[in-house]
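Input: a single structure, listed below in structure tokens.
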Amino acid sequence: MRSIELVLTPASDAAVRAAWDELVSDGLPSLGRHVSESNAPHVTLVAGPDLPVPSRIDAPLPARLRLGGVLLFPAGPERSVLVRAVVVDPALAAFHAAVHRAVPGGVDTSLPGAWSPHVSFARRVRDADLARALAALRRAPLPDELEVGGLRAWDGETKTVTPLA
């Protein structure tokens, strides 16, 4: 799978990583356990098996991402992916649409109108551990907004990142 992703400024990245670390300290699933150099807090704009790397996007990069509430996505029997929603404001919607014009071939869930932008904290959290996971996230509260630091292309097959902006 390939994706085009918004990445965060160092301060916003550190805030998300602090939440990851709280989950780790409680012995819970966390993206903080993935030690790959390419593992970074991000918001996926488009994902698909054969996405091209765009030469440019015809819209300004959004400066900030306003966070919404905690969401759970299904991750198998009695397990969930734990995320915070990102509110789609006009700047983010325009940028997302421009990315899709430049990068065709995204999976249905990343298309405008079906996309649920989010920042991920943990995959495969057992339903029985959700209360503990939420308590861990409360110990590392995030700001209302995260600052966007750039754009990257991720290739899951080769595990490589290409900075785009």
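The values are calculated or read from the model by the stated rules, or taken from the named source; none is laboratory data. Here the structure is a predicted model, which is why all the values come from computation and not from measurement. Cβ atoms come from the backbone with ideal geometry, glycine included; neighbour counts cover every protein chain shown. Just the protein is used for accessible areas: all its heavy atoms, side chains included, with ligands, DNA and RNA removed. Shrake-Rupley method; radii C 1.70, N 1.55, O 1.52, S 1.80 Å.
So in segment 90-119, with the set limited to residues that are assigned to a loop (DSSP other than H, G, I, E, B) and under 20 Å from PRO41 (Cα atoms), which one is most open to solvent (accessible area, probe 1.4 Å)? Can you show your working first?
Within segment 90-119, the subset assigned to a loop (DSSP other than H, G, I, E, B) is 103-107, 111-117.
Then drop every residue that is not under 20 Å from PRO41 (Cα atoms), which leaves 115-117.
On the way: TRP115: 37, SER116: 56, PRO117: 8 Å².
Going through the qualifying residues, I end up with SER116.
Could you identify the single residue in LEU72, LEU65 that is in contact (Cβ under 8 Å) with a residue 12 or more places away in the chain, among the hydrophobic types (A, V, I, L, M, F, W, C) and closer than 16 Å to VAL16 by Cβ? Walk me through how you get there before you give the answer.
Details: LEU72 fails: closer than 16 Å to VAL16 by Cβ.
One residue alone meets the criteria, LEU65.
Scanning segment 136-165 for residues that are closer than 25 Å to VAL125 by Cα and touching a His at 6+ places or on another chain (Cβ under 9 Å) yields a count of 1. Does ALA40 satisfy the condition of being under 12 Å from the mean Cα position of the chain (by Cα), touching a residue at least 12 places away in the same chain (Cβ under 8 Å) and open to solvent by 10 Å² or more (accessible area, probe 1.4 Å)? The answer is yes for ALA40. A single entry from PRO77, PRO49, PRO62 fulfils the requirement of being over 16 Å from the mean Cα position of the chain (by Cα), under 24 Å from LEU111 (Cβ atoms) and either open to solvent by less than 30 Å² (accessible area, probe 1.4 Å) or not aliphatic (A, V, I, L, M) (or both): PRO49.
Condition check ((1) open to solvent by 20 Å² or more (accessible area, probe 1.4 Å); (2) of a type in the set (Asp, Glu); (3) not in a helix (DSSP H, G or I)) across all residues:
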residue	(1), (2), (3)
ILE4	no, no, yes
VAL7	yes, no, yes
SER12	no, no, no
ALA15	yes, no, no
TRP20	no, no, no
LEU23	no, no, no
GLY27	yes, no, yes
GLY32	yes, no, no
SER36	yes, no, yes
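Residue-level check: of (1) of a type outside the set (A, V, I, L, M); (2) open to solvent by 50 Å² or more (accessible area, probe 1.4 Å); (3) in contact with a Pro (Cβ under 9 Å, 6 or more places away or on another chain), ARG152 misses just (2). Taking the listed residues ALA122, ALA165, ALA140, ALA114, the one that is over 18 Å from PRO10 (Cβ atoms) and over 13 Å from the mean Cα position of the chain (by Cα) is ALA114, with no other qualifying.
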